[in-house]
Structure formats: C-alpha cells, structure tokens
Amino acid sequence: MRCFGGISETMPSQTLRTLVRDGLVERTVEPTTPPRVSYESTTLGHGLAGSLGQLLAWIRAHAVDVADAQERHDRRQG
C-alpha cells in the first residue's frame, strides 16, 4: 500500500464512499472506456459545507488564542 503524506492510497476512496453513503456526495459513473467517475456535492452536502465554513472561520480567527491557552495549560501541568 502506497502512502502520500501519511495518508494511505485507499483513504480518499473510503472517505468518498462514506460521503456518498451519508448522502453528502453523489457519485456518477460515466460509460466510457475506461469508466470515468465523478463526484458532486448534494444539497445536504452544500448545507454542511456552509456550517463547516463558519467553523473554519472561527478556527482561523481564534487559532492563536487556542494555542496560547494550550501553552498556559501545559506550563501549569508541567
């Protein structure tokens, strides 16, 4: 099994299968040779993307604060 940056080659396909099963992504196989597979976000997936976008914005805005809090905690525990 090959790895890319610590991620096994099978992880992206396993993740996509999970997202399809959860209804967040739609998988389409086109009848070509070789077969072409495409993935597209569903309406449910678009809704999640909006919420994740807000979470990521919060993380970007507060990453330094969180790191500072972790450092203070670790100093007290050490």
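The values are calculated or read from the model by the stated rules, or taken from the named source; none is laboratory data. All values derive from a computational prediction rather than experimental measurement. Backbone-built Cβ (ideal geometry, glycine too); neighbour counts: all protein chains shown. To get the accessible areas, we keep the full protein, side chains included, count just its heavy atoms, and leave off ligands, DNA and RNA. Shrake-Rupley method; radii C 1.70, N 1.55, O 1.52, S 1.80 Å.
Overview of values
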{"read-out": "The chain, helix-only ellipticity at 222 nm - DSSP H runs n ≥ 4, -39,500 (n - 2.57), divided by all residues, nearest 500", "value": "-20500 deg cm²/dmol"}
{"read-out": "In the stretch 6-72, the GluC sites (Glu not before Pro) that fall in loop regions by DSSP, at most 13 other Cβ within 10 Å", "value": "Glu9"}
{"read-out": "Solvent-accessible surface (1.4 angstrom probe) belonging to Asp74, in square angstrom, nearest 10", "value": "100"}
{"read-out": "Within the stretch 32-51, backbone nitrogen closer than 19 Å to the virtual label 7 Å beyond the Cα of Glu26 toward Cβ", "value": "32, 36-50"}
{"read-out": "With Cα atoms, 0 to 90° folded angle of helix 43-77 axis to the chain main axis", "value": "30"}
{"read-out": "Label point distance in nm, Ser38-Ala63, each placed 7 Å from Cα along Cα→Cβ", "value": "3.3"}
{"read-out": "Low-density loop positions, trypsin sites (Lys or Arg not before Pro), the chain - DSSP coil, at most 12 other Cβ in 10 Å", "value": "Arg2"}
{"read-out": "Rounded tilt (10° steps) of 11-21 against the dominant C-alpha axis of the chain", "value": "70"}
{"read-out": "Given [x] 19.2, 62; [y] 13.7, 44; [z] 15.2, 43, the label whose value is Rg and Dmax of the Cα atoms in Å derived from this model", "value": "[x]"}
{"read-out": "Per-residue HN-Hα couplings for the stretch 35-42 [Karplus 6.51, -1.76, 1.60; θ = phi - 60°; Hz; x = Gly/Pro]", "value": "x, 10, 10, 10, 10, 9, 5, 8"}
